[in-house]
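Below you'll find the structure, written out as structure tokens, and then a few comments.
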Amino acid sequence: MVLSKEYLAGLFDGEGHVSITYSPKNGGNHPKLCLKITNTHLPVLLLIKEIYGGNIYANKHKQESWLQCYVLSLTVEQSNFGFPPKCLFPIVV
């Protein structure tokens, strides 16, 4: 499966968000920019991770009838091709 930058931009537009997280480093809080995409289709997130890097974790079910949800989290330190992926700028912005 090949992901076009247009598909990735649309996926991020509908299922993604940008957040700032803080990590304790040398006794202080240091901000990190983080891109996250949440989806129930794990193979798509695995493919994005293979290309761009990052971590995937499973969200807990809030209701038993809901599908299992996965989150791809990508920070500057985890990125394989720059952060955020520059190929998305002309499409997302």
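The values are calculated or read from the model by the stated rules, or taken from the named source; none is laboratory data. Predicted model, so just to flag it, every value in this text is computed and none were measured. Positions of Cβ are generated from backbone atoms using ideal geometry, with glycine treated the same way; all protein chains shown enter the neighbour counts. Ligands, DNA and RNA are stripped out before the accessible areas are found, and what is left, the full protein with its side chains, is counted by its heavy atoms. Shrake-Rupley method; radii C 1.70, N 1.55, O 1.52, S 1.80 Å.
Values as computed for the structure displayed
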quantity: Test: residue in the range 83-93 that is touching a Phe, Trp or Tyr at 6+ places or on another chain (Cβ under 8 Å), modelled with pLDDT under 85, open to solvent by 60 Å² or more (accessible area, probe 1.4 Å) and among the aliphatic types (A, V, I, L, M); calculated: yes
quantity: Residue tally, condition open to solvent by 90 Å² or more (accessible area, probe 1.4 Å) and either assigned to a strand (DSSP E or B) or at pLDDT below 85 (or both), over the range 7-24; calculated: 3
quantity: Scan of the range 19-31 for residues that are of a type outside the set (Lys, Arg) and free of Cβ contacts under 8 Å to residues at least 40 places away in the same chain, ordered by number; calculated: Ser19, Ile20, Tyr22, Ser23, Pro24, Asn26, Gly27, Gly28, Asn29, His30, Pro31
quantity: Matching residues, the range 25-77, being of a type in the set (A, V, I, L, M) and assigned to a helix (DSSP H, G or I); calculated: Leu42, Val44, Leu45, Leu46, Leu47, Ile48, Ile51, Val76
quantity: Residue match in the range 23-39 (condition: of a type in the set (S, T, N, Q) and within 17 Å of Cys69 (Cα to Cα)); calculated: yes
